[in-house]
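A short worksheet on the structure shown next.
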């Protein structure tokens, strides 16, 4: 799998983690099978009793919806920023400076980063 495909798959998994509960039950099951369990379209189609085309369409629709949610809510982007900043802060040697940095991060989170 190419680096670009892997990064896209990881991005879609992050979207699914953040927004999967907002999908229909059917979309959620199909996307979960595809991205979390790495099942093929044919395997999902057989499992769900639908065509490969229906599986493909469900994945496309769900992906579009999750991208739209992210465009409006930015939850995945915020989580990423918090994680990067947390990693940076954890490397600060001085405990007082580290505590101040964590408190500043907390304020940013409370204010919606």
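The values are calculated or read from the model by the stated rules, or taken from the named source; none is laboratory data. All figures in this text were calculated on a predicted structure; none of them were measured in a lab. When we count neighbours, we look across all protein chains shown, and the Cβ atoms used for this are built from the backbone with ideal geometry, even at glycine.
Below are the figures for this structure:
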{"quantity": "Residue check, residue 78 under 16 Å from residue 14 (Cβ atoms) and in contact with a helix residue (DSSP H, G or I) (Cβ under 9 Å, 6 or more places away or on another chain)", "calculated": "yes"}
{"quantity": "Given (1) outside the structural domain of residue 23 (by TED's automatic domain parsing); (2) modelled with pLDDT of 95 or more, index of the condition residue 100 fails", "calculated": "(2)"}
{"quantity": "Index of the failed condition, residue 44 passing every other in (1) at pLDDT 95 or above; (2) under 15 Å from the mean Cα position of the chain (by Cα); (3) crowded, with 17+ Cβ neighbours inside 10 Å", "calculated": "(2)"}
